[in-house]
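Report on the following structure.
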Amino acid sequence: DAKTTQPPSMDCAEGRAANLPCNHSTISGNEYVYWYRQIHSQGPQYIIHGLKNNETNEMASLIITEDRKSSTLILPHATLRDTAVYYCIVRVEYGNKLVFGAGTILRVKS
Amino acid sequence: GAVVSQHPSRVICKSGTSVKIECRSLDFQATTMFWYRQFPKQSLMLMATSNEGSKATYEQGVEKDKFLINHASLTLSTLTVTSAHPEDSSFYICSAPGTHEQETQYFGPGTRLLVL
């Protein structure tokens, strides 16, 4: 699976959009981009995933560049409860193991 | 979405004893489950892949004789930390993939192990 690069930390004001970038320049054509987050002392939580097209669900939006070498996770209105470590992961197919990188610590501040 | 549970949520044991951690898929079947370990302020590290009805697959550097994995049914995988030592103190997390194509993996809440 391709490697991802994320900034180690980011701050965001409560109520503002949080934009978390991820680079995956070696991504293959059949690899999906997945985003998970982990709130302190809990198991990771699935957020969203995509292959080529931008995706949106009740939690977030995922913007994937046309060349698929990078993506951005957008939390439209960040709250204090969104403070967590956010992991961007690429993997080939359903059921395959997930390999976690260091992730981005997002701190939402009031 | 699907739910994965772990038991116990936290455990304290003496050095040299063995500890068993259970991972259950509550409303779906999982022929494969994954076990991760996470040290403080570090990311999750994949330890092994648990396969129902067959031997687990361990990641490089993980001792299979120390971390025994049993996947006896389609809803239960167990991780036993044998002869635990203080350096085994960690947060252990399991996950299971959903049953539909391209579905995500579901993670348990984790088990905090402290070895004294």
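Worth a mention:
- Residue list for the range B:92-116, filter: among the hydrophobic types (A, V, I, L, M, F, W, C) and under 11 Å from residue B:21 (Cβ atoms): B:93, B:94, B:113
- Answer residue from the range B:74-116, given it is outside any loop (DSSP other than H, G, I, E, B) and more than 15 Å from the chain's Cα centre (by Cα) and is nearest to the other protein chains (Cβ to nearest Cβ) among those: B:114
- Looking across the range B:65-103, the residues that are touching a Leu at 6+ places or on another chain (Cβ under 9 Å), within 27 Å of residue A:89 (Cβ to Cβ) and of a type in the set (Ser, Thr, Tyr) come down to B:75, B:78, B:89, B:90, B:92, B:95.
- Considering the range A:97-110, the residues that are in a loop (DSSP other than H, G, I, E, B) and modelled with pLDDT of 85 or more include one that is surrounded by the fewest Cβ atoms within 10 Å (Cβ to Cβ), namely A:110.
- Of the residues examined, residue A:67 is not one that is of a type in the set (D, E, K, R) and either open to solvent by less than 20 Å² (accessible area, probe 1.4 Å) or outside any loop (DSSP other than H, G, I, E, B) (or both).
- Among residues of the range B:17-27 being open to solvent by 20 Å² or more (accessible area, probe 1.4 Å) and out of contact with any His (no Cβ under 7 Å at 6 or more places or on another chain), the one that is farthest from residue A:96 (Cα to Cα) is B:17.
- Close pairs from the range A:32-44: first without any contact (Cβ under 8 Å) to a residue 24 or more places away in the chain, partner assigned to a loop (DSSP other than H, G, I, E, B), Cβ under 8 Å, at least 6 apart: A:41/B:110; A:42/B:109; A:42/B:110; A:43/B:108; A:43/B:109; A:43/B:110
- For residue B:10, the conditions (1) more than 23 Å from residue B:65 (Cβ to Cβ); (2) away from chain A (no Cβ under 13 Å); (3) at pLDDT 95 or above are fulfilled apart from (2).
- Residue A:52, sole failed condition from (1) part of a loop (DSSP other than H, G, I, E, B); (2) surrounded by fewer than 17 Cβ atoms within 10 Å (Cβ to Cβ); (3) more than 14 Å from chain B (Cβ to nearest Cβ): (3)
- Residue A:36 vs. criteria open to solvent by less than 50 Å² (accessible area, probe 1.4 Å) and either within 26 Å of residue B:95 (Cα to Cα) or part of a strand (DSSP E or B) (or both): yes
- The conditions of being touching a Pro at 6+ places or on another chain (Cβ under 8 Å) and open to solvent by 50 Å² or more (accessible area, probe 1.4 Å) are met by residue A:42.
- For residue B:110, the conditions (1) in contact (Cβ under 8 Å) with a residue 40 or more places away in the chain; (2) in contact with a helix residue (DSSP H, G or I) (Cβ under 9 Å, 6 or more places away or on another chain) all hold with the exception of (2).
- Taken over the range A:55-64, residues that are over 26 Å from residue A:26 (Cβ atoms) and open to solvent by less than 70 Å² (accessible area, probe 1.4 Å) amount to 2.
- Matching residues in the range A:70-96 - criterion: being modelled with pLDDT of 95 or more, open to solvent by 10 Å² or more (accessible area, probe 1.4 Å) and part of a loop (DSSP other than H, G, I, E, B): A:76, A:77, A:79, A:83
- Being under 20 Å from residue B:93 (Cβ atoms) and either surrounded by 13 or more Cβ atoms within 10 Å (Cβ to Cβ) or more than 11 Å from every other protein chain (Cβ to nearest Cβ) (or both) is a description that does not apply to residue A:27.
The values are calculated or read from the model by the stated rules, or taken from the named source; none is laboratory data. None of the values given here were measured: they were computed from a predicted structure. Heads up, the Cβs are rebuilt from the backbone with ideal geometry, glycines too, and the neighbour counts pull from every protein chain shown. Ligands, DNA and RNA are stripped out before the accessible areas are found, and what is left, the full protein with its side chains, is counted by its heavy atoms. Shrake-Rupley method; radii C 1.70, N 1.55, O 1.52, S 1.80 Å.
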